[in-house]
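Written below as C-alpha cells is the structure these notes are about.
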Amino acid sequence: MKRKKKSLKISLILILAAIFGIAAGFFFGFARPSIGTDGIIGGGAASNGKSLGFHHSFFSRKDFFDAAFAKAALEKKADAGLAKGIVVPHHLLASELIAQAFAAAASEKTQTIVLISPNHFSNGRGQAISSLYDWQTPYGILEADKKIINDLRAGGFAEIDETPFENEHGISNLVGFAKKAFPNARIVPLIVKDALSADEGDALAGRIRDILPDDALVVASLDFSHYLPVWAADFHDAKSRAVLSGFDYQGIDSTDVDSKPALRVFLKYLDAAGARNFALLGNSNSAKILDDDRIAETTSYIAGIYSSGTGDGMKQATLLSFGDLLLDRYIKKAIDKNGPDYPFLNIKRFLAGSDLTLANLEGSFTDFRPRPLNPNNTSFTFDPKLAPMLKESGFNIVNLANNHVQDFGRAGSEQSRAYLDQAKIDHFGDFYNEGPAVVEEIRGIKIAFIGYSEFGDAAIAGTIAKIKDARSKADFVVAYAHWGIEYQTDFWIGSQEKGRQFIDAGADVVLGSHPHVIQPVEIYKGKPIFYSLGNFVFDQISTPEVIRGLAVGAVFGKDKIEYYLFPTQSRDFQVNLADGETRDIILNNIAKKSVASGDIKKQIIGGKIIINP
C-alpha cells in the first residue's frame, strides 16, 4: 500500500470518531430515555406490543446512511434466494460494507431481524441479554419483536436488561442500516458476553431456529482482527474467512474476532436452518479505508451473506512459523522475574489468529536441574510448567529436530515429548531423524510436517523418503530443517543442496533454523526455501542480527499458497512485531540476497509472496 503523508494523529481521531459515533447520538438530536433503577422491564407490559421506551441509533442523520448505501457496490446473485443471515462490521468507518450487506439481503418478505452482537462492556444481567425497547432511527421507529424476545426470556435463553444497550455500539450502530433496508421488520437485539459457554450458545441458537419464521434474517455484528498492523491483520483474516465459510466451530477458538460466542451462535443457527451457502461481499481494514498503513493497531471488517444450501467453503488453512525458541538461561531468568508468558506478551494477539502456530523448540521440557546461569552454558532444559503456557499462548505444534533436543540425553527428549503431549502440543522430528511425519488436518486440508537435523544424522536419504511418503498422503508438505552455519547472514551451499532435494522429493516449503540470524529466501521450482528464520525467543543480544527474526505466515489454498513475511525484533527478551521502518529494512535485506526473480523480490519487499502451483 502506498504510504500517505497524513498525520497519524488525524487518522486516529478519524478512526475514533467514525468507528464509535457515540457522541453523534447526543449531538444530532436524540435525548436518552430514563430507565428504571434496575434496568429491567417486566414481561406483562411487553406482551401488548406497545413501546415501553426507546433506545436510539448512535447516528441520527439520514445523509450518513444514505451516502453509505449510495456508495455500496450492491452485488446480489440472482440465484442466491432469500438471505438467511449476514455478517457485518459494527464500526461505522466500514459503513459502505455494512450497507452493502444489508442491501444485498433486503427483502420485503423479511419481518424479523435478529441482531447478535458482542457485549463489549460485559454489562447487564445474564450471559445473553435482549431488550424490549423500540429503537429510534433516522428512518423512523424500529420496533422490537416482543413476542420472540419474551419467548427467549421465558425459556431462560436470554435475560431482559435495558441498561447495557445504552452504550452498546454493536447494536446501536446498525439499527439505522436495518431500518432503511427492512422498513417493515421488527428487531430482536441480542448481546452476548464472552463467558457464554458453548452449550449455552448452542441452546440459544437452537431456540432461535425453533421460533423464528422462515423469512427471518439473522445478523452477526462482528469486527475481526484487532490491534495489529494491516499486514498481520490480512493474514488473520484469511483464517476468519475460512471459518465463516466452512462453519468451522473448532477453529472459532483461535479466530481473531471480538466475540467468539456470538460467532458460534450465529453459525449454529445458520447450520440448523440449512443456510451454509456463503458469499463474501467484502473484506477491508481500518488502515485500508483511511489509506494509511502506518496505523499500528487496526481493525478488520468482513461482510458476507448466507443463503440456503450447503456451499463449498473456502478450502484453506493457515500456518504461522517461527525460528529458534529458547526457554532456559537468561530467558528463564526473565520469566522467573516477570511471569511465564513474559516473552510473548507483546505478540499474544498476533499468535492467536492462525490454525497452526509452529516454532523450533531449542531444548527439552525435563525434570533435570538447569545448568548454572552462564552465557557459555549450551545445555538447555525447560521448566515443564511452561509447556501449558506455550499452548495458551497459541502454539500447537513444535519442531524437535535440532541439536539441543538431546542436551539431556534420550531420557530428557522422552520427558519433553510426554510434557508436550500433556499440554496437547503436537511435535515432529528428533535429533537422529528417526521420527515419522506428523499430519495435521484443518477443514479437510492435510498438512504433513517432517523435521530434519543435520547434527544428529547428516544423511538425508531417510528424510527424503519421508517427504515422498507424505506427498502421497497429504495435500501440502512442510519440511523444517535445522542446518547451516551460525551467524552467517547468507546460506551455506550445503543447505541449498539439501533444500533443493527436499523440494524435488515433494516438499511445498522448506523452513530453516539454527544460524540464529535471518538468511535469504530461494524460490526453487516454484517452491520457497526459507534458509533461516533466525531467532524467535532467544537471549542473544550481541548484534542487531541476533535480536531479529522472521515469522512466516502461510495460507495453503486450493489454487495458490500465500506466504506473509513478518519481521520480529526482541527487546528485553520480549518479542515484538518490527515497526514499519525496521520491517522495511529487514525485508529489503532479505530481498537483496534472495535467489528469486525480480517480481518475487518485489513481493518480498512488500511482505507477501504468492506461489501459484
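The values are calculated or read from the model by the stated rules, or taken from the named source; none is laboratory data. All figures in this text were calculated on a predicted structure; none of them were measured in a lab. Ideal geometry is used to build each Cβ from the backbone, glycine not excepted, and the neighbour counts take in all protein chains shown.
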Touching a strand residue (DSSP E or B) at 6+ places or on another chain (Cβ under 6 Å) and either touching a residue at least 12 places away in the same chain (Cβ under 8 Å) or buried (at least 22 other Cβ atoms within 10 Å of the Cβ) (or both): is that true of Phe344 in this structure?
no
Given (1) without any contact (Cβ under 8 Å) to a residue 12 or more places away in the chain; (2) under 31 Å from the mean Cα position of the chain (by Cα), identify the lone condition not met by Ala461.
(2)
In region 178-193, the residues that are buried (at least 22 other Cβ atoms within 10 Å of the Cβ) and under 27 Å from the mean Cα position of the chain (by Cα):
Pro189, Leu190, Ile191, Val192
How many residues of region 400-438 are touching a residue at least 40 places away in the same chain (Cβ under 8 Å), of a type in the set (S, T, N, Q) and either surrounded by fewer than 16 Cβ atoms within 10 Å (Cβ to Cβ) or over 23 Å from Val477 (Cβ atoms) (or both)? The answer is 5
Consider Lys592 against the criteria (1) under 25 Å from the mean Cα position of the chain (by Cα); (2) at pLDDT 95 or above: it satisfies all of them except one. Which criterion is unmet?
(1)
Counted residues in region 375-419 being in contact with a Leu (Cβ under 8 Å, 6 or more places away or on another chain) and in a helix (DSSP H, G or I) come to 6
Could we say that Glu441 is surrounded by fewer than 18 Cβ atoms within 10 Å (Cβ to Cβ), free of Cβ contacts under 8 Å to residues at least 60 places away in the same chain and part of a strand (DSSP E or B) here?
yes
For residues that are among the small types (Gly, Ala, Ser) and free of Cβ contacts under 8 Å to residues at least 60 places away in the same chain, tally how many sit in region 592-613.
2
Working carefully through the options Ile585, Ile523, Ile547, Ile609, find the one that is more than 24 Å from Leu390 (Cα to Cα), among the hydrophobic types (A, V, I, L, M, F, W, C), crowded, with 16+ Cβ neighbours inside 10 Å and more than 24 Å from the chain's Cα centre (by Cα).
Ile523
Looking at region 313-340, which of the residues that are touching a residue at least 40 places away in the same chain (Cβ under 8 Å) and in a loop (DSSP other than H, G, I, E, B) is farthest from the chain's Cα centre (by Cα)?
Asp328
Checking Gly304 against (1) farther than 20 Å from Leu217 by Cβ; (2) touching a Phe, Trp or Tyr at 6+ places or on another chain (Cβ under 8 Å); (3) at pLDDT 95 or above: exactly one of these is not met. Which one?
(1)
